[in-house]
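Asks: Quick one: this structure, given as structure tokens, is what I'll be asking you about.
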Amino acid sequence: MRINEAWWERVLRTIVGLFLISLTFWGPHSAWGWVGLIPLLTGVIGFCPIHAMLGTSTCKPKVKAQ
């Protein structure tokens with residue numbers, strides 16, 4: 001698995017994931033908050049399967065030294 005998320009996207013996904021998980025404890029107390037595990041895990045790992053399926057990436061391309 002290659003990292004296909006930029007640093008800002010990883011931070012955003014982690015924050016959104018933690019927010020959604022917090023909804024299971026504070027707020028509506030719904031089990032739907034556990035959906036936040038998906039953005040949290042993809043943010044921590046740095047790999048998004050949807051980006052991989054679509055062939056996209058938010059990372060800057062690496063320049064090879066000559």
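Asks: Looking at this structure, is residue 47 assigned to a loop (DSSP other than H, G, I, E, B), of a type outside the set (D, E, K, R) and within 11 Å of the chain's Cα centre (by Cα)? Walk me through how you get there before you give the answer.
Replies: Values: assigned to a loop (DSSP other than H, G, I, E, B): yes; of a type outside the set (D, E, K, R): yes; within 11 Å of the chain's Cα centre (by Cα): yes.
So residue 47 passes the test.
Asks: Further question: Output yes when any residue across the stretch 8-16 is among the acidic types (Asp, Glu), assigned to a loop (DSSP other than H, G, I, E, B) and either surrounded by 10 or more Cβ atoms within 10 Å (Cβ to Cβ) or touching a strand residue (DSSP E or B) at 6+ places or on another chain (Cβ under 7 Å) (or both), and no when none is. First the steps, then the outcome.
Replies: Step one: list which residues in the stretch 8-16 are among the acidic types (Asp, Glu), which gives 9.
Those left that are additionally assigned to a loop (DSSP other than H, G, I, E, B): none.
No - not one qualifying residue is present in the stretch 8-16.
Asks: Still on this model: Return the residues of the stretch 4-31 that are more than 17 Å from residue 42 (Cα to Cα) and polar (S, T, N, Q); say none if nothing qualifies. Full working, then the answer.
Replies: If we filter the stretch 4-31 for residues that are more than 17 Å from residue 42 (Cα to Cα), which is where we start, we get 22-31.
If the condition is that a residue be more than 17 Å from residue 42 (Cα to Cα) and polar (S, T, N, Q), then 22, 24, 30 are the ones that fit.
Asks: Further, regarding this structure: Output the residues belonging to the stretch 34-56 that are buried (at least 17 other Cβ atoms within 10 Å of the Cβ) and hydroxyl-bearing (Ser, Thr, Tyr).
Replies: Hit for the stretch 34-56 is 42, nothing else.
Asks: Also: Among the candidates 27, 36, which residue alone is under 19 Å from residue 15 (Cβ atoms), assigned to a helix (DSSP H, G or I) and small (Gly, Ala, Ser)?
Replies: Details: 27 fails: assigned to a helix (DSSP H, G or I).
Within the list 27, 36, the selection yields 36.
Here, each number is a calculation from the coordinates, and none is a lab measurement. Small disclaimer: the values here were computed from a predicted structure and weren't measured. Please note: Cβ atoms are built from the backbone with ideal geometry, for glycine as well, and neighbour counts cover all protein chains shown.
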